[in-house]
């Protein structure tokens, strides 16, 4: 997973390791699911990922089969569906394993769609954690990160689109609550980086793709981390 601040690219992802890969292909569906060895080593997490894999395939196969039946009834061409989800390690600290999940779906339209999500595993208590739940509230996150995010997004959209970004643009700056949050680390000891990702259509058109930014954990951000999670965080460098 690559997170970008201006022209500086920060690689938060861990080195590529052995993966668990499941691929299944039929006349209606091309399916793939991948997760890293770091996740497979944690039995409860591996169990959750396997359930997630089965559920994703069931939904995708059901939709593809229904689409094929409808195509046959209406005498129009059927296009094989795609469903793929890949989990990658953002970072691993003594307490937390932070993963990013990218899901690609194609259901026969003009183009497919990609959704990014976060999965944080608390190794100390064998549970999944919503990264937002590590902070006091959505309002607190917006107060600390919102202005910097919107300033960066405005500059980045102008860089990508040039003069096409105007006052009549239909995409306002999305709040932090609408973004994917990826806890990261530079030293694998504590969370000292936070990735903020606006997926497709969240901050711009499909053609613009995703907007990815990373920020260090500042004293102001650390101050709104809930007390039970504060030992897992540290102030990061700029």
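Yes/no per residue for (1) touching a helix residue (DSSP H, G or I) at 6+ places or on another chain (Cβ under 7 Å); (2) assigned by TED's automatic domain parsing to the domain that holds residue 101; (3) farther than 24 Å from residue 88 by Cα; (4) at pLDDT 95 or above:
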| site | (1), (2), (3), (4) |
| --- | --- |
| 204 | yes, no, yes, no |
| 208 | yes, no, no, no |
| 218 | no, no, yes, yes |
| 238 | no, no, yes, no |
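The number of residues in segment 188-238 being in a strand (DSSP E or B) and closer than 21 Å to residue 172 by Cβ comes to 7. Each residue in segment 47-83 was checked for being surrounded by fewer than 18 Cβ atoms within 10 Å (Cβ to Cβ), touching a helix residue (DSSP H, G or I) at 6+ places or on another chain (Cβ under 8 Å) and touching a residue at least 12 places away in the same chain (Cβ under 8 Å), and 2 of them qualify. Within the set 184, 204, 162, 199, the sole residue that is over 30 Å from residue 46 (Cα atoms) and touching a residue at least 40 places away in the same chain (Cβ under 8 Å) turns out to be 204. For segment 178-187, the tally of residues that are under 12 Å from the mean Cα position of the chain (by Cα) and either in a strand (DSSP E or B) or assigned by TED's automatic domain parsing to the domain that holds residue 117 (or both) stands at 4. Checking the structure you have, find out if any residue of segment 154-177 is closer than 24 Å to residue 120 by Cα, assigned to a helix (DSSP H, G or I) and at pLDDT 90 or above. Taking every residue of segment 154-177 in turn, at least one turns out to be closer than 24 Å to residue 120 by Cα, assigned to a helix (DSSP H, G or I) and at pLDDT 90 or above. Taken as a whole, the condition of being part of a loop (DSSP other than H, G, I, E, B), over 17 Å from the mean Cα position of the chain (by Cα) and free of Cβ contacts under 8 Å to residues at least 24 places away in the same chain does not apply to residue 111. Taking the numbered list (1) within 28 Å of residue 231 (Cβ to Cβ); (2) touching a strand residue (DSSP E or B) at 6+ places or on another chain (Cβ under 9 Å); (3) part of a helix (DSSP H, G or I) in turn, residue 139 passes all entries but (2). Just one of (1) in the same structural domain as residue 29 (by TED's automatic domain parsing); (2) buried (at least 16 other Cβ atoms within 10 Å of the Cβ); (3) under 18 Å from residue 233 (Cβ atoms) fails for residue 123. It is (2).
The values are calculated or read from the model by the stated rules, or taken from the named source; none is laboratory data. Model, not experiment: these values are computed from the prediction. Note that each Cβ is placed from the backbone with ideal geometry, even for glycine, and that neighbours are counted across all protein chains shown.
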